[in-house]
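Quick note: the coordinates plus some simple rules give every number you see, no bench work behind them. Fair warning: this is a prediction, and the values are worked out from it, not measured in the lab. Backbone-built Cβ (ideal geometry, glycine too); neighbour counts: all protein chains shown.
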Amino acid sequence: MEITQEQFKSIKDQIGSYLNRCPVCNGGNFVLNNTLFVLPEFAEQRGVLLNGDIFPLVLAKCQNCHYVRFFSAVGLGIVNSD
């Protein structure tokens with residue numbers, strides 16, 4: 001799902017203060033991706049559960065060292081938890 005400009009602004013307003021410093025390289029140049037990603041549930045012995053829980057995420061990447069931070073799209077109000 002692509003993030004709209006209005007959603008993008010809302011995300012930056014909510015998490016912008018968390019993107020000032022990279023915890024790995026101390027750089028300060030995070031870029032938000034404009035699409036949502038999902039993290040699927042994983043079970044030992046069975047692997048990725050295609051019918052399990054999924055977690056929609058917003059991705060922010062450090063432009064210096066490429067460290068990636070994930071933020072809950074549900075918690076940010078971008079998608080519903082239903």
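Here are the numbers for this structure:
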| item | result |
| --- | --- |
| Segment 3-13 - phi-based ³J(HN,Hα) in whole Hz, Karplus 6.51/-1.76/1.60, Gly and Pro as x | 7, 6, 4, 5, 5, 4, 4, 4, 4, 4, 5 |
| Hydrodynamic radius by Kirkwood, which averages 1/r over all alpha carbon pairs of the chain, in angstrom | 13.8 |
| FRET efficiency estimate (nearest 0.05) - Cβ-Cβ, Arg21 to Arg46, R0 41 angstrom | 0.60 |
| Sequence-separation-based contact order of the chain, relative, with Cα cut under 8 Å and 6+ spacing, percent | 25 |
